[in-house]
Amino acid sequence: MMKIQNVANYFFTHLTNKISVYLSKINSIILICRGADSKFLLQYGKIRIYNPSLLVYGANLKINGTLNLISDGPGLGPGKFDFKSNLEIGCNCIFRKKDINNIFIGNNTIIGNHVEINCESDMSIGNNVLIASGTIITDVNHKINAFGLERTYGIISKSIIIEEDVWIGAKSIILQGLVIGKGSVVAAGSVVTKNIPAYQVWGGIPAKFIKSI
């Protein structure tokens, strides 16, 4: 495989303002380098990429509207958006990560409209997961001390893992450092602050155990 980062750095160094999109396919890896206002058409929808990003995706990726991919950092880092096969994403979703981190989404997963994923650590979403519309998944929080909220350099980030066959109901919030166990269900409108064991239903604010499946 070619040295992907070297290729990306070369094109970002040499592209003029008139050329906003470079698309290169290298061994099924799609390298997308574009300006913030560019649009990349993909099947039924489109993707907007802010800052240089590496997007790796499998067969049958379906975008039902606009997907905003944001990679914070000075340039193309080692992290990537890693999407497997048969993934369907609703309209107006926002996936944000640091340029050194990864967002992994497994096979046969469906993500509804207006879902926001915000991570500064690696995030993993397994196979056959359903994430309903309006859900927020964030591994980032502000530090709080005796003097109040630390607005500058006061960020804490802990990875989130959503295992296989999970169903997350509409407008739920998944907070940092959690594992959502295989086959579990999160009721709509819940705020999840604790790990959820496999094959359990949780719901409420904060989410609590309801029953086993």
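Filtering region 168-207 to residues that are more than 19 Å from Ser121 (Cα to Cα), under 18 Å from the mean Cα position of the chain (by Cα) and among the aliphatic types (A, V, I, L, M) leaves Ile168, Ala170.
Does any residue of region 155-176 turn out to be closer than 21 Å to Arg48 by Cα and open to solvent by less than 40 Å² (accessible area, probe 1.4 Å)? No, the conditions are met nowhere in region 155-176. Comparison of Gly65, Gly77 shows that the only residue that is of a type outside the set (A, V, I, L, M), out of contact with any Gly (no Cβ under 7 Å at 6 or more places or on another chain) and at pLDDT below 95 is Gly77. Scanning region 34-61 for residues that are farther than 15 Å from Ile94 by Cα and either at pLDDT 75 or above or open to solvent by 40 Å² or more (accessible area, probe 1.4 Å) (or both) returns Asp37, Leu41, Gln43, Tyr44, Leu54, Val56, Tyr57, Gly58, Ala59, Asn60, Leu61. Return the pairs, sorted by first residue and then second, in which the second residue is assigned to a loop (DSSP other than H, G, I, E, B) and basic (Lys, Arg), the first residue lies in region 83-104 and is more than 17 Å from Val115 (Cα to Cα) and free of Cβ contacts under 8 Å to residues at least 60 places away in the same chain, the beta carbons are less than 6 Å apart, and the residues are 6+ apart or on different chains. Note: pairs meeting the criteria are Asn102/Lys80. Restricting Asp99, Asp72 to those that are among the charged types (D, E, K, R), surrounded by 18 or more Cβ atoms within 10 Å (Cβ to Cβ), farther than 18 Å from Trp167 by Cα and modelled with pLDDT under 85 reduces the list to Asp99.
The values are calculated or read from the model by the stated rules, or taken from the named source; none is laboratory data. Fair warning: this is a prediction, and the values are worked out from it, not measured in the lab. With ideal geometry, Cβ positions are generated from the backbone for all residues, glycine too; neighbour counts draw on all protein chains shown. Areas reflect the complete protein model, heavy atoms only, side chains present, ligands, DNA and RNA absent. Shrake-Rupley method; radii C 1.70, N 1.55, O 1.52, S 1.80 Å.
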